[in-house]
1. Against the condition crowded, with 17+ Cβ neighbours inside 10 Å and either closer than 30 Å to Arg302 by Cβ or in contact (Cβ under 8 Å) with a residue 12 or more places away in the chain (or both), how does Ala470 come out, does it pass?
2. Considering Ser171, Ser230, Ser221, which residue is loosely packed, with under 14 Cβ neighbours inside 10 Å and in contact (Cβ under 8 Å) with a residue 12 or more places away in the chain?
3. Restrict the check to the range 521-530 and report whether at least one residue is within 21 Å of Val285 (Cα to Cα), assigned by TED's automatic domain parsing to the domain that holds Leu330 and either surrounded by 13 or more Cβ atoms within 10 Å (Cβ to Cβ) or not hydroxyl-bearing (Ser, Thr, Tyr) (or both).
4. Take the range 138-163 and flag every residue that is without any contact (Cβ under 8 Å) to a residue 12 or more places away in the chain, under 46 Å from the mean Cα position of the chain (by Cα) and surrounded by fewer than 12 Cβ atoms within 10 Å (Cβ to Cβ).
5. Just to confirm my filter: which strands (runs of 3 or more DSSP E) fall fully inside the range 401-487 and include at least 1 residues that are over 25 Å from Phe542 (Cβ atoms)?
6. Quick one: what pairs do we get from the range 511-523, first residue within 11 Å of Phe542 (Cβ to Cβ), second in a loop (DSSP other than H, G, I, E, B) and of a type in the set (Gly, Ala, Ser), C-beta under 7 Å, 6+ apart or different chains?
7. Just need a number here: residues in the range 347-403 that are free of Cβ contacts under 8 Å to residues at least 40 places away in the same chain, surrounded by 14 or more Cβ atoms within 10 Å (Cβ to Cβ) and over 38 Å from the mean Cα position of the chain (by Cα).
8. Run down Ser377, Ser321 and say which single residue is part of a loop (DSSP other than H, G, I, E, B) and hydroxyl-bearing (Ser, Thr, Tyr).
Amino acid sequence: MTEAAAPPRTNFIRQIIDADLASGKHERIATRFPPEPNGYLHIGHAKSIVLNFGLALDYGGTCNLRFDDTNPLKEDVEFVDSIQADVRWLGFDWGDRRFFASDYFEQLYQFAVELIEKGLAYVCDLSAEDTRTYRGTLTDPGRDSPYRERSIAENLDLFARMRNGEFADGSRTLRARIDMRSPNINLRDPVLYRIKHGVIHHQTGSAWCLYPTYDYTHPLSDALEGITHSLCTLEFEDHRPLYDWCIDHVSVPSKPRQIEFSRLNLEYTVMSKRRLTELVSEQLVNGWNDPRMPTLAGLRRRGYTPAAIREFCERVGVTKSDNLVEMALLESAIRDDLDANAPRRMAVLRPLKVVLTNYPANNCETVTLANHPKDASLGSRELPFGAELWIDQNDFAEQPPKDFKRLIPNGEVRLRGAYVIRCDEVIKDAAGAVLELRASVDFATLGKNPEGRKVKGVIHWVAAATAIPAEIRLYDRLFQVPIPGAGGGDYRADLNPHSLQVLTDCVVEPALANVIAGAQFQFEREGYFVADFDTTPARPVFNLTVGLRDTWGKNRP
């Protein structure tokens, strides 16, 4: 009997697209991903990337990458480059459809002239503070600007002079002439253009001192590109009437439809670009690609894979309801991916020496270990074994807690892939700290169980003679509460002081010599790790991606 195929994924956006295609409204779909180049992309952007590019792929349409570069004061080529790298890393390609909103500056200016000629826009001399005052509140209607009734001729003249640089920053704006008493504040004569002198735009240089606002630029850019479905997060739902107004009142070649979906809110982190920028600028983290950051660059350096992030976005789904996603869901996605794909290696994070007293001092043999217990295609490797070994300090206890199944005085344990050993003596310093263990090998136990007794514990190890010194960085959640700054507090107060622990005296097996940055492994019994780009041939550096299981909240310092 053939297994039934899984039903196709669906959500309310797919249902809208299906209906539009079935009715003939559209013959093909066109989406876009429109980031602002004023910071690095984060995991929330990944949801939008996967949605927009994924829909285009599934429906045989196109997805444009368009930079919303209307605020040059906060934008930089560094961010443009990082955004392109992140989208490609996630597995998507925009082909020849990379655009900038600034590509349309001249056309947008002409659209504004068209609005003025129709009596639908005017030049306003109110200051920014007065503009806010005149706008009113959610309960009180706005008041008309005293400049609202300027003639079309005067508005055209002033707008042209604004472009020519005759007026100071903030002295004049161009505003849409809609309805100052609208219950939707976004329709109370919103600003369309503002003056910004002395700014070098990363695409247009000093060609403009007049810049359009996002709410004006975005819908018209969509229309100029022939976008059919303009997907954005729920905070733009109240902006949709303005989106439609802009498209309906100028001569654009197409009529896109804006559709809102819930943004991705993730526990134990912040997603506000302002706050992420503060974390970087205040050096609370080590840059945009710090492995504790929710940026895609940070997640990549942490060892998260594109496949895991795409799967996480699919698991989160697309809805109209805002919700807080558990960090465990993201961690589960990367565990599932790495469990299936990461080769196994042995690393000792906190070394404790074990001397095998009955093993020939100058002897060295090899044992064979599989690179993956479930995937024979990944092969195996030979591991040196000698009279002196390193085990982890946590795998020995003089006074073991209940159900401790590792090494204890006069107790036995199996070394992974090798022999059963027995701890015969504990060597301590003058203060009573354990320095070294003396143990004996049961030579009859290589690859088989000892006769007449059962050994429950299995621990990992590294031969001292061939161990590779390594640095291992243990990363944890950046914040210690699910919602940093909840209740209006300072989110910085919720930073996790234990989010990074650097171990400099670690040792790893010889197979990890000359490891390349980005290589990923499961360190047996420890977790999943990735080689950091600080790695050198002389000293590998590894970042903890995620533990073998979710232990958050357990054994916290």
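1. Values: crowded, with 17+ Cβ neighbours inside 10 Å: yes; either closer than 30 Å to Arg302 by Cβ or in contact (Cβ under 8 Å) with a residue 12 or more places away in the chain (or both): yes.
Taking the combined requirement at face value, the residue satisfies it.
2. Ser171
3. Here is the first cut: in the range 521-530, the residues within 21 Å of Val285 (Cα to Cα) are 529-530.
Among the residues that remain, those that are also assigned by TED's automatic domain parsing to the domain that holds Leu330 are: 529-530.
Narrowing further to those that are either surrounded by 13 or more Cβ atoms within 10 Å (Cβ to Cβ) or not hydroxyl-bearing (Ser, Thr, Tyr) (or both): 529-530.
Looking for residues that are within 21 Å of Val285 (Cα to Cα), assigned by TED's automatic domain parsing to the domain that holds Leu330 and either surrounded by 13 or more Cβ atoms within 10 Å (Cβ to Cβ) or not hydroxyl-bearing (Ser, Thr, Tyr) (or both), one finds at least one in the range 521-530, hence yes.
4. Correct list: Thr139, Asp140.
5. Values: elements: 412-415, 420-428, 434-442, 468-475.
Here the list reads 412-415, 420-428, 434-442.
6. Qualifying pairs under 7 Å: Gln520/Gly303; Gln520/Ala342; Phe521/Ala342.
7. Within the range 347-403, residues that are free of Cβ contacts under 8 Å to residues at least 40 places away in the same chain, surrounded by 14 or more Cβ atoms within 10 Å (Cβ to Cβ) and over 38 Å from the mean Cα position of the chain (by Cα) number 4.
8. So the residue among Ser377, Ser321 that is part of a loop (DSSP other than H, G, I, E, B) and hydroxyl-bearing (Ser, Thr, Tyr) is Ser321.
The values are calculated or read from the model by the stated rules, or taken from the named source; none is laboratory data. The structure displayed is predicted, hence computed values, not measured ones. Positions of Cβ are generated from backbone atoms using ideal geometry, with glycine treated the same way; all protein chains shown enter the neighbour counts.
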